[in-house]
1. Does residue 385 satisfy the condition of being at pLDDT 95 or above, of a type in the set (D, E, K, R), open to solvent by 50 Å² or more (accessible area, probe 1.4 Å) and more than 23 Å from the chain's Cα centre (by Cα)?
2. Out of the residues in region 579-606 that are out of contact with any Lys or Arg (no Cβ under 8 Å at 6 or more places or on another chain) and in a loop (DSSP other than H, G, I, E, B), which is surrounded by the most Cβ atoms within 10 Å (Cβ to Cβ)?
3. So residue 248 passes all but one of these: (1) among the acidic types (Asp, Glu); (2) at pLDDT 90 or above; (3) open to solvent by 40 Å² or more (accessible area, probe 1.4 Å). Which condition number does it fail?
4. Name the residues in region 49-79 that are of a type outside the set (Ser, Thr, Tyr) and either open to solvent by 40 Å² or more (accessible area, probe 1.4 Å) or at positive phi (or both), would you?
5. Does any residue in region 313-339 that is on the phi > 0 side of the Ramachandran plot come within less than 7 Å, Cβ to Cβ, of a residue that is in a helix (DSSP H, G or I) six or more places away or on a different chain, and which pairs are these?
6. Can we say residue 197 is of a type in the set (Gly, Ala, Ser), buried (at least 18 other Cβ atoms within 10 Å of the Cβ) and under 20 Å from residue 28 (Cα atoms)?
7. Taking the stated definitions as given, is residue 473 more than 32 Å from the chain's Cα centre (by Cα), assigned to a helix (DSSP H, G or I) and either closer than 25 Å to residue 589 by Cα or in contact (Cβ under 8 Å) with a residue 24 or more places away in the chain (or both)?
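The values are calculated or read from the model by the stated rules, or taken from the named source; none is laboratory data. This one's a predicted model, so the numbers in the text were calculated from it and none came from an experiment. All Cβ positions, even for glycine, are placed from backbone atoms using ideal geometry, and neighbour counts span all protein chains on display. Side chains are part of the model used for accessible areas, which takes the heavy atoms of the whole protein and leaves out ligands, DNA and RNA. Shrake-Rupley method; radii C 1.70, N 1.55, O 1.52, S 1.80 Å.
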Amino acid sequence: MTNQHFSADAPLSSKEEDKFSRWKFAERVGQVIARREDPSGLVIGLYGVWGDGKTSVLNFIQQSLKSEEKVICIKFNPWRYGTEDDLLKGFFFTIAEALDTELIRRGDYFKDLVKNLAPHAGEAINLGWLGNIISHFIKKVDTDELKKRIEAALEKAKKRVLILIDDVDRLDKAEIQLLFKIVKLIADFKYTAYILAFDKDIVASSLQERYTGANHNAGEAFLEKIIQIPLHLPAVDKEVLQQFCFNDINSALIVADIKLTDQQSQEFQRCFIGFDEQLRTPRRAKLYGNTLLFSLPLLKGEVNPVDLMLIEGVRIFYPSLYEAIRKHKEFFTGIFQQENTESVKKQIEDIINTALDLQQNINKENIINLLKQLFPKLNQVYNKEHYSLHHFSKWNKAQRICSKNYFSRYFLYSIPTGDVADSAISSLLSNLASWHPPFNENENPLNDLIDTDNAGNIIQKLTNKAKNIPSDISYPLTIAIAQKSELMPDPERIDFWLTTLGQSAILSSDLIQNVEKDKRAELIYTCIDSASSLAFKVTLFYWLNIEDKERPEKKYFSEECINQFGRYLGRNIIEKHIAQGEDITINYSRVLFDIFNILHKYVNNQCVNDYVMPLITQDPMAIVRLLTAYTPTVWDEAGKHKVDFKRQYYNSLTEKIDVSAFIKSIEDNFSHLLDIPDDFPKNPRKEHPNAGELLIRQFLWLYHHPEKG
């Protein structure tokens, strides 16, 4: 996007540009000045807050007077001058230049006086010369004569001068005070009118410091002495200003090539009421529109457009609230999943209230309703509503700001480090269409995208789209995931299916359901062969017989098919792992229980024993690894620790191995553990310093007490 799309906050100048019905007001002001017969000077104050369009109205006045030959308009903007001296210098030179150009052609008039006192070309500037000019003015040396010359010339030419002074309220206090002192001195020029545009409150406050005394309203009192006709800028109708803002919003959406659905449009308009109290000037509306022109194209396809438009509105209209949200991600994303969260809810309320207390003229109810739309968690704070875990998936799919996975994007205007752009996922799905058998791993479309750090994000994003991925893409995507499965983190946890590897297996199971029934078996065999992680193969097999309750019409696999897959996987484990000398008790402890079940059930009932016995003979510590793998880990108030090696685990292992040979190996290598107690040696519910030896003691106890445990 190029800069030409941005709408500059430039003042208007022609009748055709008038969007707020102010041309007639400006035209009337101009006509009053042009047709005024009284030759005395006139000072008009045009009052309005910053951004309300004062400069545009001054332009309209000037434009409306173009056909008036008897009026000369001079525009002076004091904001262009940085210092006190510069301000005074600029004021006099501006007037002199205009008079010289428009009226005075010859003679020793105002400009010549200034030029004579000014330094000649090439001379060093001595600011004292400017003081000489002011000294002439203030001490009235030649001032009366100067007035007579100018007034005589104006009267002879039948001309009236209108001096438009803008941006008065942008000066610092000293400059404001000086400007009004000058205006007071020259306000009685005949045939001269001044229009000063400024925010009355700001200027009155600046003058208050200079002229304060017994009168605590000295600033306003001084203004009343100077300003003969105070005019307030005509108010803009609220609906007109809102439509003006909506027009800019629509333009931003068009530039970003984003089309909102009817539902999205309704949601936005319903929440926009939260900005009504702050949408007071055309400048603020324009600022909001320009903000969206910047942010919408940057984040197109990466966030929810309605949420982005609303949070950008919060940034423009409620900056303190925006900062509070940005700094407290944990308070605004997700939901409350536990009881006893009242203290946290109170903390959230305090954060919001503190931010809103920093602003004036707000409708708190409307703002809270806006926040509840953006962050459903706040409904639990203010309305005691309840949300279930399925909302996480819903918010992720919609790229909502309330999702922990998307929140940061709204504030960074980019993809956070370690995250993956949604557009990259779309490109991946497109590239998969051209990846064909034999599915060369070197050409896997995931190669340049996935790594251990971002694998979880990629799997989650693909899971959000899984139901809608067509068969011709689901097929190669399943294989691509299998080939990269070694990159999927698989830490030990009680809910193992929530690890990245577990989620990738579940995703693959869903993708397989997307494929035509007559191609599914072939796809599963290919995945088993090409998967780089044995844990992935085993976990995928576990999920193959889980039917999709949301799509019951898609019958999955028969028992015979599962048996065929089990036999195929069992042979694959033997050929690609065990036969290659791999110690699966080290690398695949989490799924060792499942591996042994597969080998025992689908290959033959001696398979596990044939693997275990030589292993423990060569490496007695394999006994500890086996028992550890068969014993679940728990996380409780005591921390992470193994549960007791119970009878059910003992039975599952001993049905697959020669127990007497296993006991013999223990006796030969762990003789110090052979003293069997009367009572079962329980785990003290904590991380045991000799956990492996404790498991051996428990195994021996169960062996010697077959009727107990």
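1. Working: at pLDDT 95 or above: no; of a type in the set (D, E, K, R): yes; open to solvent by 50 Å² or more (accessible area, probe 1.4 Å): yes; more than 23 Å from the chain's Cα centre (by Cα): yes.
Spelling it out, it is not the case that residue 385 is at pLDDT 95 or above, of a type in the set (D, E, K, R), open to solvent by 50 Å² or more (accessible area, probe 1.4 Å) and more than 23 Å from the chain's Cα centre (by Cα).
2. Across region 579-606, the extreme among qualifying residues is 588.
3. (3)
4. Let us first name the residues in region 49-79 that are of a type outside the set (Ser, Thr, Tyr), namely 49-54, 57-63, 65-66, 68-79.
Answer for region 49-79, where residues must be of a type outside the set (Ser, Thr, Tyr) and either open to solvent by 40 Å² or more (accessible area, probe 1.4 Å) or at positive phi (or both): 49, 50, 51, 53, 62, 63, 66, 68, 69, 70, 75, 79.
5. 334/377
6. Against the criterion (of a type in the set (Gly, Ala, Ser), buried (at least 18 other Cβ atoms within 10 Å of the Cβ) and under 20 Å from residue 28 (Cα atoms)), residue 197 qualifies.
7. On the way: more than 32 Å from the chain's Cα centre (by Cα): no; assigned to a helix (DSSP H, G or I): yes; either closer than 25 Å to residue 589 by Cα or in contact (Cβ under 8 Å) with a residue 24 or more places away in the chain (or both): yes.
Against the criterion (more than 32 Å from the chain's Cα centre (by Cα), assigned to a helix (DSSP H, G or I) and either closer than 25 Å to residue 589 by Cα or in contact (Cβ under 8 Å) with a residue 24 or more places away in the chain (or both)), residue 473 does not qualify.
Residue by residue, here is whether (1) within 24 Å of residue 294 (Cβ to Cβ); (2) open to solvent by less than 50 Å² (accessible area, probe 1.4 Å); (3) in contact with a helix residue (DSSP H, G or I) (Cβ under 9 Å, 6 or more places away or on another chain) holds:
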site: 364; (1), (2), (3): no, no, yes
site: 407; (1), (2), (3): yes, yes, yes
site: 417; (1), (2), (3): yes, no, no
site: 423; (1), (2), (3): yes, no, no
